[in-house]
Amino acid sequence: MMNGSIANRYAKALFEEAKNQYVDQQIYEHLGVLYASMQSEPDLQISLINPRISLEKKHTLLLLASGLDPEATTLYSRFLLLLLNNHRENKLRLIIYVYRDLYRQFHQIDLVVFETAVQVDDETRSSLKQHIMQHTGRNVECITKVNPNLLGGFRLRIGDRRYDYSYLHELEKIRKQFILNGKPY
């Protein structure tokens, strides 16, 4: 729990200062780019915890992975330097998660994850987003994922609510029903 509280303190401090400077959205976007970079490049996390890499190089690496000029002297840049100076780079993923969650709560944005077996087009994503916004009365940030294991249909997560209309889920329900009825499948 101690690790979570450290990340929470850093994220909350960054969010409060970002709100005060009216740059909370910019930092939200930079952290999103950084998180995506960390997901797609696992070596980035390894580089961050490597003691042989200087703080300056780590700082430059984080700025570049955030889509920023390495010479930036913004609140975001100073925050990353603070993390590195205090050896908190191993908390970065959790800090990103907490900050982005704080931002969504403050701006009343529901995170929607739409998972399908195949890629969906922009029109479908837009239509889904509009439908959810009309239904909830809140802003929506929509993330789409492709999971071929679903076979067809979709899964939808809106905040804490989950809906599973995938073929995989339906097949699993049928399998469980066979087991309950004592029939081999």
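Can you work out D for the chain in µm² s⁻¹ from Stokes-Einstein, where Rh is the Kirkwood radius over C-alpha pairs, the temperature is 10 °C and the viscosity is 1.306 mPa s?
Working: Rh = 19.0 Å.
This corresponds to a translational diffusion coefficient of 84 µm²/s.
Kindly provide the helix-only [θ] at 222 nm of the chain, computed as the sum of -39,500 (n - 2.57) over DSSP H runs of four or more divided by all residues, to the nearest 500 deg cm²/dmol? Present the calculation step by step, with values, prior to reporting the outcome.
Values: 8 runs with 110 residues, N = 185.
Rounded to the nearest 500, it is -19000 deg cm²/dmol.
Just to be sure I understand: of the beta bridges DSSP finds with both ends in region 45-158, what percent are antiparallel, rounded to 5? Show your work: numbers first, answer last.
On the way: 5 of 13 bridges.
Approximately 40 percent, going by the DSSP bridge assignments.
Which residues does a label at E16 reach in region 99-133, if reach means a backbone N under 15 Å from a point 7 Å past the Cα toward the Cβ?
Residues 99, 102-103 qualify, since their backbone N sits under 15 Å from the label point.
Once you keep just the Cα pairs under 8 angstrom separated by 6 or more residues, what percentage relative contact order results for the chain?
Details: 200 pairs, mean separation 35.1, N = 185.
The value is 19 percent.
Which one of K173, K19, K145 has the biggest mean-square fluctuation once the chain is modelled by GNM with Cα springs under 10 Å?
Largest GNM mean-square fluctuation: K173.
Which of N139, N147, N90 ends up with the largest GNM mean-square fluctuation for the chain, with Cα atoms connected below 10 Å?
N147
The numbers here are math on the coordinates, done by the rules we state, and not lab data. None of the values given here were measured: they were computed from a predicted structure. Counting neighbours? That spans all protein chains shown, and the Cβs are built from the backbone with ideal geometry, glycine included.
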